[in-house]
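Below is one structure, written out as structure tokens; comments come after it.
The values are calculated or read from the model by the stated rules, or taken from the named source; none is laboratory data. Bear in mind that the values here come from a model prediction, so they are computed numbers and not experimental data. Glycine also receives a Cβ, built like all others from the backbone with ideal geometry; neighbour counts cover every protein chain displayed. Keep in mind that these areas ignore ligands, DNA and RNA; they rest on the heavy atoms of the full protein, side chains included. Shrake-Rupley method; radii C 1.70, N 1.55, O 1.52, S 1.80 Å.
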Amino acid sequence: MTIQIEIDEDKLMHLFEQGVLCASDFRCLNSESKQQVSKLCLTSCSKRLKKITCNIPIAMYKQAH
């Protein structure tokens, strides 16, 4: 059984950022929604990647690659 709902863009972004909802958890019912969800998902992922710090010194990274 599926449930059709409508959700505010800010609330959806919050759920993505909290990691409690992923775009693969649902499907969009139209192309406009799909484009907006993709945009929100990419923005959320970008924010997460900016928070991740790398502790490997550059010299060690270059030696390994």
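Key figures
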quantity: Backbone HN-Hα couplings from phi across segment 33-42 [Karplus 6.51/-1.76/1.60, Hz, Gly and Pro as x]; calculated: 5, 4, 5, 5, 5, 4, 4, 5, 4, 5
quantity: Under the Karplus curve 6.51 cos²θ - 1.76 cosθ + 1.60, θ = phi - 60°, whole-Hz ³J(HN,Hα) for segment 23-28, x wherever Gly or Pro sits; calculated: 4, 6, 7, 8, 10, 8
quantity: Solvent accessible area, Å² - Lys47, 1.4 Å probe, full protein context; calculated: 90
quantity: In segment 1-32, the GluC sites (Glu not before Pro) that fall in loop regions by DSSP, at most 14 other Cβ within 10 Å; calculated: Glu6
quantity: Computed Rg/Rh of segment 1-40, alpha carbon atoms with Kirkwood Rh; calculated: 0.93
